[in-house]
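The values are calculated or read from the model by the stated rules, or taken from the named source; none is laboratory data. None of these values were measured; they are calculated from a predicted model. Neighbour counts run over all protein chains shown; Cβ positions are idealised from the backbone, glycine included. SASA here: full protein model, heavy atoms, side chains in, ligands and nucleic acids out. Shrake-Rupley method; radii C 1.70, N 1.55, O 1.52, S 1.80 Å.
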Amino acid sequence: MNQPEISAKLVMTLRDRINLPMMKCKQALEATKGAHADEKAWIDAAIENLRKQGMAAVDKMAGRETTNGGLGMALAGGKGAIVLLACQTDFVSGNDTFKAFVKQLAEVAVASGADSVEALKAAKLDGQTVTEALATKVQQIGENLVISKVVSLTGQVIAGYNHVGRIATLVSGSGDTDKLRKVAMHVASATPVPVGLDRASVDPALVKKEEEILMATPEVQSKPEAMRGKIVQGKLGRFFKENVLLEQEMLLDAEKGETVEKYAKRLGLTVTGFVRLAV
């Protein structure tokens, strides 16, 4: 069987399938010349060759530091996911190709139910695993790319907010989605960043550390020992008001001095959970 010529049309067909530069596509077709049944079989062989090259590129770049990155977010049917994709430079993190890919990864996380990096890597994206798709994207972009974090949330209603790929949040609850999204925007903007939904959900180790810090202050140490524990517990109230989401003062669309909890109650919302990632 005669091998067909590597025409511009054939190169373009491969490029449309794999989204890599024309020269790389032509080189892959050159490398896989042989007795193929038809052009489709030849293109499939070239794609396999490019995927193998992609894995090699990933291995080659694996040691390069990924100190930049971007966040992708997706919502669907009471589920939401945020993916942090790390890269080497802020130039790449601002690239449209990079942004579209991390958005795709979040969509795959929602569709597949992946709630960890390993689960997402094993999920399917356009007929291949995410690991394989990542290798192709490393070739296309020319930098080391690493899926650093995956977080997800489920609930009756999920609202989300992604601030230019730098801070992304999800909030679960019930009620009007647009109003719940204001809570997600609050989570993105709040300082300090909330550490729990309510007091019961705050990590006990964090509370214990705060108690130790308060106990060591001159103000507490100057009091009689029998009173110190009660004083510390009183001061912990301020810590919770500043760091617990439902007790924080609502930053958007709120009445003066209104907490997140009171804001939700006024608008007929419930807030049952949240997650936040930042680059």
Query raised in the report: Of the residues Glu219, Glu39, Glu261, which exhibits the maximal mean-square fluctuation in a Gaussian network model of the chain defined by a 10 Å Cα contact cut-off?
Result: Glu219
Query - Under Karplus coefficients 6.51, -1.76 and 1.60, residue-wise ³J(HN,Hα) of region 246-258 in Hz, glycine/proline x - result: 5, 9, 5, 6, 4, 8, 10, 6, 10, 7, 4, x, 6
Report summary line: Expressed as a percent, the portion of alpha-carbon pairs in region 114-223 spaced more than 19 Å apart is 66 percent
Report task. Whenever you get a sec, compute what percent of the accessible area on the chain sits on carbon and sulfur atoms (1.4 Å probe). Result -> 52 percent
Query raised in the report: How much accessible area does Asp96 have with a 1.4 Å probe, in Å² rounded to the nearest 10?
Result: 120 Å²
Report task. Return one whole number: the accessible area per residue of the chain in Å², for a 1.4 Å probe. Result -> 53 Å²
**Report entry** Phi to ³J(HN,Hα) by Karplus 6.51 cos²θ - 1.76 cosθ + 1.60 over region 137-149, Hz, x for Gly, Pro
**Finding:** 5, 4, 4, 5, 8, x, 9, 5, 10, 9, 6, 8, 8
Query raised in the report: For region 128-279, what is the relative contact order in percent, using Cα pairs closer than 8 Å and at least 6 residues apart in sequence?
Result: 30 percent
Query raised in the report: Normalised by the number of residues in region 167-244, what is the relative contact order in percent for Cα pairs under 8 Å and 6+ residues apart?
Result: 31 percent
Report task. Hand me the tally of lysine pairs in region 132-247: alpha carbons under 30 angstrom apart, and the pair either on different chains or 8 or more positions apart. Result -> 20
Query raised in the report: What does the charge count near Val108 come to, summing +1 for each Lys or Arg and -1 for each Asp or Glu among other residues with Cβ under 11 Å from its Cβ?
Result: +1
Query raised in the report: With every protein chain left in place, what is the accessible area of Met185 in Å² (1.4 Å probe, nearest 10)?
Result: 40 Å²
